[in-house]
Every structure is written in structure tokens, then in C-alpha cells.
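Structure record follows, encoded as C-alpha cells.
The values are calculated or read from the model by the stated rules, or taken from the named source; none is laboratory data. It should be emphasised that the depicted structure is a prediction, and the values quoted were computed from it without experimental measurement. All Cβ positions, even for glycine, are placed from backbone atoms using ideal geometry, and neighbour counts span all protein chains on display. Each accessible area value is taken on the protein alone, full model and side chains, heavy atoms only, with ligands, DNA and RNA left out. Shrake-Rupley method; radii C 1.70, N 1.55, O 1.52, S 1.80 Å.
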Amino acid sequence: MTRYIYENGIERAATAEEEAAFDAEETAYANSAVTRALAKLRSKRNKLLIETDWTANSDVTMSSAMTTYRQALRDITNELTTVEQIEAVVFPIKPV
């Protein structure tokens, strides 16, 4: 499929070099899908950990349930290798 480029209001067909550059960009983007999905998952996980950081203060006794919850959050990205696996992650429920 021919791609078109607009320069100064004029449409022209992309050159072979431009087509190759477009293809390389698309491939790079597709190959980074897992990395992007993991970054999004880690961002959400980190937010949940930050919300419970106060329970790790030296003047607070962390409950066993909270310890388990926080460890489950830290382990949530282990062994995830596909976007489908990442999108299927179910976060643990924060203890009361």
C-alpha cells in the first residue's frame, strides 16, 4: 500500500526510503507493546503500594494481611510476557 506525504500542501507518494522508515517505525512500535503495557501496569501497582506505604513506618505494626497484599503487588509483574497476560492481571484486594 502506497503511503502519501503532504509537503507544502501538495500530496506525493512516499519514496522507497520513506516507506522503509515508516515500516521500521511501525515495527518498533509493535515490538514495544509489552514494554508499554508493563509500564502501565507498574504505574498502577506503584500507586497502590504508595497508598499503603504508611503501614511500613517504624512506629506502625503491619498486619500479616497487609504484608501479603504488598508482596502480591510487588510480585504482580513476574512472569508476564504478553500483552494479553498483562491485560488479564487482577489486582489483589487491599485489606481493611
Among residues belonging to the stretch 29-56 that are free of Cβ contacts under 8 Å to residues at least 24 places away in the same chain, open to solvent by less than 80 Å² (accessible area, probe 1.4 Å) and hydrophobic (A, V, I, L, M, F, W, C), point out the one that is nearest to Ala88 (Cα to Cα).
-> Ala39
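If you scan the stretch 57-73, which residues turn out to be of a type in the set (Val, Ile, Thr) and either within 21 Å of the chain's Cα centre (by Cα) or closer than 13 Å to Phe91 by Cα (or both)?
Residue satisfying the conditions is Thr68 alone.
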Can Thr55 be described as in contact with a helix residue (DSSP H, G or I) (Cβ under 6 Å, 6 or more places away or on another chain) and not aliphatic (A, V, I, L, M)?
-> yes
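Checking the condition hydroxyl-bearing (Ser, Thr, Tyr) and over 30 Å from Gln85 (Cα atoms), which residue from Thr67, Thr52, Thr61, Thr27 passes? Walk me through how you get there before you give the answer.
Details: Thr67 fails: over 30 Å from Gln85 (Cα atoms); Thr52 fails: over 30 Å from Gln85 (Cα atoms); Thr27 fails: over 30 Å from Gln85 (Cα atoms).
So the residue among Thr67, Thr52, Thr61, Thr27 that is hydroxyl-bearing (Ser, Thr, Tyr) and over 30 Å from Gln85 (Cα atoms) is Thr61.
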Could you tell me whether any residue of the stretch 35-51 is in contact with a helix residue (DSSP H, G or I) (Cβ under 7 Å, 6 or more places away or on another chain), more than 24 Å from Thr68 (Cβ to Cβ), assigned to a helix (DSSP H, G or I) and at pLDDT 95 or above?
-> yes
